[in-house]
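Here's a structure for you.
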Amino acid sequence: MIRTLIVDDEPIARQILREEIEDWPEFVVSGEAENGRRALDLIREEHPDLVFLDLQMPVMGGLEVVRQLTGPDLPIVVIVTAFDEYAVEAFETGALDYLLKPIRKERIGKTLERVKRLRNNR
C-alpha cells in the first residue's frame with residue numbers, strides 16, 4: 001500500500017483528491033492536513049509514502065514545507081495548485097509532478113502511475 005497524505009486548505013479540494021485516489025487499490029489516504037505546519041507534523045509522525053501538497057495555504061505554503069523536509073526517507077511530493085508559475089521552482093525542490101486545479105481524472109491517473117513506477121524501481 002502507498003500511504004498518501006493530502007494537504008490543502010480547501011476541504012472540497014481534499015475531498016476531490018481523496019475520491020480520485022480511493023479508486024486506486026494500491027493507494028490509501030492515511031491523513032489530511034489543512035496547512036503546511038500540520039503537514040510537516042504529519043509527515044514526521046506518520047511517514048507517508050506520497051504527499052499531495054497545495055502551494056498557497058495559511059500558516060506555511062507548500063514550497064516551504066518541501067524545503068523543510070530532511071532525512072533519508074522522504075515522501076514523494078506532488079504539487080497541486082491553481083497557479084502554473086511555480087512549476088520550475090517546484091521541480092527544483094524535488095517534486096515528482098505538478099498538477100493544476102481543477103484536476104482531471106486522467107491527469108491524476110498518470111501521476112499515480114508515475115508514483116507506482118518510482119516506488120517499484122526503488
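The values are calculated or read from the model by the stated rules, or taken from the named source; none is laboratory data. Just so it is clear, the model here is predicted, and its values are computed rather than measured. Ideal geometry is used to build each Cβ from the backbone, glycine not excepted, and the neighbour counts take in all protein chains shown.
Do we have any residue at all in the stretch 80-102 that's closer than 17 Å to Gly31 by Cα and of a type in the set (A, V, I, L, M)?
Scanning the stretch 80-102, I find at least one residue that is closer than 17 Å to Gly31 by Cα and of a type in the set (A, V, I, L, M), so the answer is yes.
What do you reckon, is Glu10 surrounded by fewer than 18 Cβ atoms within 10 Å (Cβ to Cβ), on the phi < 0 side of the Ramachandran plot, of a type in the set (D, E, K, R) and at pLDDT 95 or above? Even if it seems obvious, please write down each step before you answer.
Values: surrounded by fewer than 18 Cβ atoms within 10 Å (Cβ to Cβ): yes; on the phi < 0 side of the Ramachandran plot: yes; of a type in the set (D, E, K, R): yes; at pLDDT 95 or above: yes.
Spelling it out, Glu10 is indeed surrounded by fewer than 18 Cβ atoms within 10 Å (Cβ to Cβ), on the phi < 0 side of the Ramachandran plot, of a type in the set (D, E, K, R) and at pLDDT 95 or above.
Collect the residues in the stretch 1-25 that are of a type in the set (D, E, K, R), within 17 Å of Leu55 (Cβ to Cβ) and in contact (Cβ under 8 Å) with a residue 24 or more places away in the chain, keeping them in residue-number order.
Asp8, Asp9, Glu10
For the stretch 69-122, give me the residue count where each residue is free of Cβ contacts under 8 Å to residues at least 12 places away in the same chain and either on the phi > 0 side of the Ramachandran plot or among the acidic types (Asp, Glu) (or both).
5
Could I ask something else about it? Hey, which of the strands (runs of 3 or more DSSP E) in the stretch 13-122, taking only ones fully inside, have at least 3 residues that are closer than 17 Å to Met1 by Cα?
Working: elements: 27-33, 50-54, 76-81, 97-100.
Strands (runs of 3 or more DSSP E) meeting the threshold: 27-33, 50-54.
Quick check, is Phe91 exposed (fewer than 15 other Cβ atoms within 10 Å of the Cβ) and within 17 Å of Glu10 (Cα to Cα)?
Criteria not met by Phe91.
State all residues of the stretch 76-88 that are in contact with a Phe, Trp or Tyr (Cβ under 9 Å, 6 or more places away or on another chain) and surrounded by 12 or more Cβ atoms within 10 Å (Cβ to Cβ); if no residue qualifies, say none.
Hits for the stretch 76-88 are Val77, Val78, Ile79, Val80, Thr81, Tyr86, Ala87.
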